[in-house]
Structure formats: C-alpha cells, structure tokens
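The values are calculated or read from the model by the stated rules, or taken from the named source; none is laboratory data. Treat the numbers as computed from the prediction; the structure is a model and nothing was measured. So basically every Cβ, Gly included, is an ideal-geometry build from the backbone, and we count neighbours across all protein chains shown.
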Amino acid sequence: MKKEEKFKIAEIKVERPVKKGLREFDDLRDAIRSMEEHNSGFYFRPGLNYGVNPDPATLNKISKIECNCDEFLKHREEFLKTLEIRFLCKHVATKLAELTLHPVILLLLLNKAKHGRERYVLLSAEEPIILGFVSLAKLKWINVYHFDNKRDVAIRFSYNPFENKWSYGKLPPDGTNIEHKIITLLRRTFLQIEKR
Ligand SMILES: [Zn+2]
C-alpha cells in the first residue's frame, strides 16, 4: 500500500461529505474521476471468454451478432477484437445471455440487458467476485456478482457501503469478508485525503 502515499490531494474531494468513513459522491462523474485518478488498475474489463473457452459454434454466433443501434455500431470493431462486455449495447447483451458462457458473465449480461452500462471491478479472482458500478447519478448501491464454486451458480447482491447494508438483507456466503474488501477498496480509491 506504499503507493498510496504518492497520491496528491484532489480539490474536488475536499468538499465531499464523509459517511461511515467513506467520502460520499453524489455525482458519478466525480466518483469516476476520483477512481481514475487514484487507482489506475481499478477497472476490470471482463470478456465473453472469461473463465471459459467458447466452442467454435459459440464463437461463430458471437461473431455474427448484430444490432443497428448507434452504441453497438460505434463499438462493434472493438467488441469483436476483445469480446469485452463494456463494448456491448443492452440489446446484444440480451441475445448473448443465451449462449454457454461463464455463469457470472451471463449474470453481467442479464443485468446489462436490463439496466444498461456498468463499470466493473474485480474484487476477488478466486470465486470470482465482481463489483458493478451502475451509471446512475448516485453511487449508493454497488452490485456484487458472486460466483459460488460449489453450487456452480452466480448470484447478484447489492451492497450500500455508506449504510453498510445489503439489499433485502441478502448477502453472499462470506459477506462480511466481502464487505471488508469493498470498504478497503473504496477507501483506497476515494479516501486519499482522509485527515489523520
Ligand atoms: Zn443495440
């Protein structure tokens, strides 16, 4: 964590209120700026081939996928090159969610199909646990995509780091550990200027 000491104080964060030890952002643009400024390795860019080796038939279906919306047309080339979810539109995400992919990737696609763009952070590569930051004005709820190795299922949870609570009280099996990791991650990213 020595790297943190090099970070400079950003003016914009000085004005943010702190709740439960975290600086609260009410505008995602500020939060994103802060993330980019303080943690260049913050974003995770999962691709459709995450955790699986798609068979030729699946790859063929992926390469033939089409949509006429501007968002897809704009990023189509990049998507075909990288297979990264971030380059998809919600329409294509719906279609791709029918393919044989890693359960956690299917869950990301389904959420994208319903709610649109999200930015991801890999919290743990082991299970894996992926955080999803929805592009809303407020950054209060974080999607926590959790893959259960034993049961071979992926489940989405929602966590509010400011209130330290889980949506509907539903938390992943080692939820307390995950909470701790999320808070640590957010502190590292948002709280560089905490006074001692
Ligand atoms: Zn589309």
>> From the list Val104, Val121, Val92, exactly one residue is of a type outside the set (S, T, N, Q) and at pLDDT below 95. Which is it?
In response: Val121
> Which of the residues that make up the range 124-142 are at pLDDT 90 or above and either more than 13 Å from Ile182 (Cβ to Cβ) or not in a strand (DSSP E or B) (or both)?
Replying inline: Pro128
> Since Lys90 meets every condition but one in (1) under 23 Å from Phe157 (Cα atoms); (2) more than 16 Å from the ligand (Cβ to nearest atom); (3) of a type in the set (D, E, K, R), which condition does it not meet?
Replying inline: (2)
>> Among the residues of the range 57-66, are any at pLDDT 65 or above, hydroxyl-bearing (Ser, Thr, Tyr) and surrounded by fewer than 12 Cβ atoms within 10 Å (Cβ to Cβ)?
In response: yes
>> Can you tell me which condition Pro54 does not meet? The list is (1) farther than 23 Å from Arg151 by Cα; (2) at pLDDT below 95, and all the others hold.
In response: (1)
> within 11 Å of the ligand (Cβ to nearest atom), without any contact (Cβ under 8 Å) to a residue 12 or more places away in the chain and part of a helix (DSSP H, G or I): does that describe Lys81?
Replying inline: no
> Residues of the range 90-144 being farther than 15 Å from Pro172 by Cα, touching a Pro at 6+ places or on another chain (Cβ under 9 Å) and β-branched (Val, Ile, Thr), which ones?
Replying inline: Thr100, Ile105
> If you check Tyr50, Tyr145, which single one turns out to be in a strand (DSSP E or B) and within 26 Å of His180 (Cα to Cα)?
Replying inline: Tyr145
> Restricting attention to the range 93-113, which residues are hydrophobic (A, V, I, L, M, F, W, C), within 16 Å of the ligand (Cβ to nearest atom) and farther than 15 Å from Asp55 by Cβ?
Replying inline: Ala93, Ala97, Leu109, Leu110, Ala113
> How many residues does the range 53-78 contain that are within 11 Å of the ligand (Cβ to nearest atom), in a helix (DSSP H, G or I) and not charged (D, E, K, R)?
Replying inline: 3
> When Phe87 is evaluated against the numbered criteria (1) without any contact (Cβ under 8 Å) to a residue 40 or more places away in the chain; (2) over 16 Å from Tyr43 (Cα atoms); (3) buried (at least 19 other Cβ atoms within 10 Å of the Cβ); (4) more than 13 Å from the chain's Cα centre (by Cα), which criterion, by number, is the only one it fails?
Replying inline: (2)
> Pick from Leu122, Leu80, Leu109: which is over 24 Å from Leu186 (Cα atoms) and out of contact with any helix residue (DSSP H, G or I) (no Cβ under 6 Å at 6 or more places or on another chain)?
Replying inline: Leu80
